[in-house]
Amino acid sequence: MPPRVSARPARKAIFDPVHGPIALDALALALVGTPAFQRLWRIRQTGFAHLVFPGANHTRLEHSLGTYWVAGRFAEHLGLEDGETRRLTTGALLHDLGHAPFSHTLDAPMREVLGHGHEAESRARIEGADGASGEIPAILRRHGVDPAGVADLVDPSARRRGSQLGAILHGAIDADRIDYLQRDAHYTGVAHGAIDAVRLLDTVGRVGGRLVFAEKGRSAVEGFLVGRALMYSTVYFHKTVRAAEVMAQAAVERQAGYPERARTQFAWTDGELLVRLAESGGRSGALARAIEDRRLYKRAFGWRELDPATRRRWQRLLRRPVERRAVEDEIAHRLGSPAGSVLLDLSGIEVRGDPIEDWADVGLAAGRRVTYPFRGPGPWQALVRRPPADWPVSVYVEPRFRLAAARWLERDPRALP
């Protein structure tokens, strides 16, 4: 008689270097096995941070598993019902399905080409819409989970963003950030993100239907705020990381056939994007090959302070990428360098951290009494408002033109077109 083949286990544990064993139930196991989820193995969590912090090769898949685990701990401490817990943890597991190659690097081109960000792309995969495979929604329905309910957590409307479950995935202190701050600190070797997640989760509660943290957890809340601010300035907006990111963005934007040609590229992986762009020729190919060889553009000039009128002008260019590329090429022309040799980094004037109003709603509870220490003026609000980059606007140039660009801009920084 042939040996009996055991059925597929209903639960399985995956060991994670940040959280330890992460137990996956049958639904999570089925979702993890889909091609859409396995693609996240090949998307780096921190974009091009590995070019500065060599250990930062962790992936969106690892982060998704970690967010799933943290969301489960939120559910336990809040005493959520089984249906709410399952919807929340499933949303946490699938929240990053729609990321483009190198994570946030291509957010701006994605919005320009598709008219929406990665959250909407995640929704499409969860609901099986717009040509996405129907495998994920089929798995969800088979396990009694409504795909639309999960998608509403991942890509919430303004009305749903303030819900309790929504706050666990999209709040100032949420499962997503609790995982990535610890994970990114672990792999980059930067200690700033070493937040006290255990204390945060031990002190989370509900008062009047809103998430709050016990007063005894104040130091963990404050430490989270400090860690978030420092990780942005130290890792995510490091000038060399930003050099690689603006080069990758430009490689996509300056390829022949853009923007139509880029429509399918947001579903590629990191390796696919660089290899195919490197083979494409022209400025796009040169930029991709330079990234592969770590021949990165250099910052020639940056503005630390912007008057209101100048800030509004840069913000307009941020919203109008065609105009921004025209300004880049006009600067290059004045320097006598080719188009695409000068790139503007405007990310420092874009609020890519937590909205200030989110932190205003972080409450500390002593019994039924809740205070909101981050609402008024003071050192904490100043930290929330702290820009993620020291230079709101930076000019990056091909290394051979750096000296000429720096001299010109230092002599007359207002001479930009």
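The values are calculated or read from the model by the stated rules, or taken from the named source; none is laboratory data. Just so it is clear, the model here is predicted, and its values are computed rather than measured. Neighbour counts are summed over all protein chains in view; Cβ atoms, including those assigned to glycine, are modelled from backbone coordinates with ideal geometry.
Annotations for the structure displayed:
- Ala138 vs. criteria surrounded by fewer than 21 Cβ atoms within 10 Å (Cβ to Cβ), under 17 Å from the mean Cα position of the chain (by Cα) and either of a type outside the set (Val, Ile, Thr) or assigned to a loop (DSSP other than H, G, I, E, B) (or both): no
- Criterion violated by Asp155 - all others in (1) over 16 Å from the mean Cα position of the chain (by Cα); (2) surrounded by 21 or more Cβ atoms within 10 Å (Cβ to Cβ) satisfied: (1)
- Check on Leu277, crowded, with 18+ Cβ neighbours inside 10 Å, in a loop (DSSP other than H, G, I, E, B) and either at pLDDT 95 or above or among the hydroxyl-bearing types (Ser, Thr, Tyr) (or both): no
- If you go through the stretch 296-313 and keep only what is modelled with pLDDT under 90 and in contact with a Pro (Cβ under 7 Å, 6 or more places away or on another chain), you end up with Trp303, Leu306.
- Pro399 vs. criteria of a type outside the set (Val, Ile, Thr) and either at pLDDT below 90 or closer than 21 Å to Asp176 by Cα (or both): no
- Test for Pro417: is it within 30 Å of Gly115 (Cα to Cα), exposed (fewer than 13 other Cβ atoms within 10 Å of the Cβ) and modelled with pLDDT under 90: yes
- The set of residues in the stretch 194-218 being under 24 Å from Gly66 (Cβ atoms), surrounded by fewer than 15 Cβ atoms within 10 Å (Cβ to Cβ) and of a type in the set (A, V, I, L, M, F, W, C) consists of Ala194, Val198.
- Count of the stretch 76-108 residues which are more than 30 Å from Leu346 (Cβ to Cβ) and assigned to a helix (DSSP H, G or I): 16
- Scanning the stretch 213-260 for residues that are in contact with a helix residue (DSSP H, G or I) (Cβ under 9 Å, 6 or more places away or on another chain) and over 30 Å from Tyr187 (Cβ atoms) yields Ala214, Glu215, Lys216, Arg254, Gln255, Ala256, Tyr258, Pro259, Glu260.
- Test: residue in the stretch 176-188 that is in the same structural domain as Phe48 (by TED's automatic domain parsing), over 24 Å from Gly367 (Cβ atoms) and not in a helix (DSSP H, G or I): no
- Lone unmet requirement of (1) touching a residue at least 12 places away in the same chain (Cβ under 8 Å); (2) over 22 Å from the mean Cα position of the chain (by Cα) for Arg369: (1)
- Among the residues of the stretch 73-107, those that are surrounded by 21 or more Cβ atoms within 10 Å (Cβ to Cβ) and under 20 Å from Arg261 (Cβ atoms) comprise Gly98, His99, Ala100, Pro101, Phe102, Thr105, Leu106.
- Pairs where the first residue, in the stretch 280-300, is part of a helix (DSSP H, G or I) and the second is aromatic (Phe, Trp, Tyr) and surrounded by 15 or more Cβ atoms within 10 Å (Cβ to Cβ), C-beta under 9 Å, 6+ apart: Ser284/Tyr258; Leu287/Tyr297; Ala290/Tyr297; Ile291/Phe48
- Verdict on Ala365 being surrounded by 12 or more Cβ atoms within 10 Å (Cβ to Cβ), modelled with pLDDT of 85 or more and assigned to a helix (DSSP H, G or I): no
- Within the stretch 132-148, residues that are within 16 Å of Leu93 (Cβ to Cβ) reach partners that are assigned to a helix (DSSP H, G or I) and hydroxyl-bearing (Ser, Thr, Tyr) with beta carbons closer than 9 Å, at six or more positions or on different chains, in the pairs Leu140/Thr90; His143/Thr90; Val145/Thr90.
- If the condition is being charged (D, E, K, R) and in a helix (DSSP H, G or I), then the stretch 325-351 contributes Arg325, Glu328, Asp329, Glu330, Arg334.
- Failed item in (1) out of contact with any Ser or Thr (no Cβ under 9 Å at 6 or more places or on another chain); (2) not in a helix (DSSP H, G or I), with Gly47 passing the rest: (1)
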